[in-house]
Amino acid sequence: MLSSKRLHLAGSPDSLTQNGSASLDNFRGCMKKVVYTADNVRLDLVELAIRKHDLISVHGKVLFNRCEDLRSSQPITFMTENAVISVPGVRDLGSIQFQFRTNEPNGLLLYGVGIDGNNGIFIIEILDGFIYFVLDLGSGLTKVKALTGPVNDSSLHFVTLEHNSGAGVFTVDRKPQHYNISALKLTLKGELYVGGISDNRKVSDAIKYSRLNRGYVGCMLHLVVDGGNVDLAALAMEQRQEGVGRYCRSSTPHCMSQPCHHRGVCQEGWNRYTCSCVNTNYTGDTCREGMSKYTFDICLYTCVCVCYF
């Protein structure tokens, strides 16, 4: 006999922690006439939800009495560190989820400003290959490192953040990290930046918590904010972001052609390469530009005078 205390329809509060399911996403689409029957009990679940019956609780954005053509947004690729997409209308943030792929060790995935302006930040970023959640809404710094290993392995990774009444959980690839803060809500100033920070925005001093100000280069897909799907490709076109591609794929290696000069070290990136000019006398994108040199002989010196009174 099958028994259960709770039934979830079309998904669960956290599908990543559900045993026996290989799917990372909750269902998106239409359902009609969902009936639960057991012994002499017969429940029309959709009808009960419409009537807001005490037995039923609805989470997220659910439309009743109509069936719409729901199209998932296209995956996108941030091709340069300067590309950034602004998502408007984000204030009381309760949940967020997205997927990404990259082989880059550093990058700012999401950035938001708290309602107190320079005193508040919301950050999800990759540092040295690991992913972090950084939050300070005026009540002190909270920094959470995901329990996963390095995420710059070109594999698809799934990130969720749930926050309710001062408690939250930051989950990456089915591994949750819990946190507590005094703020009941993640109240932002109204915009969420994806892939970096807009050039025309004064960066808060609190960004020092993240140790870098480097845009994200890689793929991002299925961004959902408070149950609503965000069409990043459409926003990129609307905001005329030329450094964003409407696809998610990796290219062939670039370093095989040895693009770095003067013994510069080539490092593979996401659909690009970078040259490390450390230990060379050159600089520039491909270590071709000579650095200025200063020489001192015995006739040149600096004199420091220390006087006593």
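The values are calculated or read from the model by the stated rules, or taken from the named source; none is laboratory data. All values reported here derive from a predicted model rather than from experimental measurement. Glycine gets a Cβ as well: all are built from the backbone with ideal geometry, and neighbour counts include every protein chain shown.
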- [ ] Check Asn271 against each of (1) surrounded by fewer than 16 Cβ atoms within 10 Å (Cβ to Cβ); (2) within 22 Å of Val151 (Cα to Cα); (3) in contact with a Lys or Arg (Cβ under 9 Å, 6 or more places away or on another chain) and name the one condition it does not meet.
- [x] (1)
Open item on the list: Residue under question is Phe170, and the condition is that it be assigned to a strand (DSSP E or B), surrounded by fewer than 20 Cβ atoms within 10 Å (Cβ to Cβ) and aromatic (Phe, Trp, Tyr); does it hold?
Closed with: no
Task: Selection from the stretch 246-268 of residues that are closer than 30 Å to Ala233 by Cβ and either touching a residue at least 40 places away in the same chain (Cβ under 8 Å) or part of a strand (DSSP E or B) (or both) - done: Arg246, Tyr247, Cys248, Arg249, Ser250, Gln267, Glu268
TODO: Identify the single condition in (1) under 19 Å from Arg246 (Cα atoms); (2) small (Gly, Ala, Ser); (3) at pLDDT 90 or above that Gly129 does not satisfy, given that it satisfies every other one.
DONE: (1)
Open item on the list: Taking the condition of being assigned to a strand (DSSP E or B) and more than 24 Å from Ala233 (Cβ to Cβ), how many residues in the stretch 85-144 meet it?
Closed with: 14
Open item on the list: Which numbered condition in (1) under 34 Å from the mean Cα position of the chain (by Cα); (2) over 30 Å from Gln99 (Cα atoms); (3) small (Gly, Ala, Ser); (4) at pLDDT below 85 is the only one that Gly284 fails?
Closed with: (4)
TODO: Would you check which residues across the stretch 222-245 are modelled with pLDDT of 90 or more, closer than 18 Å to Val90 by Cα and either aromatic (Phe, Trp, Tyr) or not in a helix (DSSP H, G or I) (or both) and list them?
DONE: His222, Leu223, Val224, Val225, Val230, Asp231, Gln239
Open item on the list: Can you tell me which condition Arg101 does not meet? The list is (1) of a type in the set (Lys, Arg); (2) more than 16 Å from Gly195 (Cα to Cα); (3) out of contact with any helix residue (DSSP H, G or I) (no Cβ under 8 Å at 6 or more places or on another chain), and all the others hold.
Closed with: (2)
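Of all residues in the stretch 160-174 being in contact (Cβ under 8 Å) with a residue 60 or more places away in the chain and out of contact with any Asp or Glu (no Cβ under 8 Å at 6 or more places or on another chain), which is farthest from Arg101 (Cα to Cα)?
Here the answer is Asn164.
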TODO: State which residue is nearest to Arg246 (Cα to Cα) when the search covers only the stretch 221-235 and only residues that are touching a Ser or Thr at 6+ places or on another chain (Cβ under 8 Å) and of a type in the set (Gly, Ala, Ser).
DONE: Ala233
Task: Identity of the residue in the stretch 34-57, among the β-branched types (Val, Ile, Thr) and outside any strand (DSSP E or B), that ends up nearest to His8 (Cα to Cα) - done: Ile56
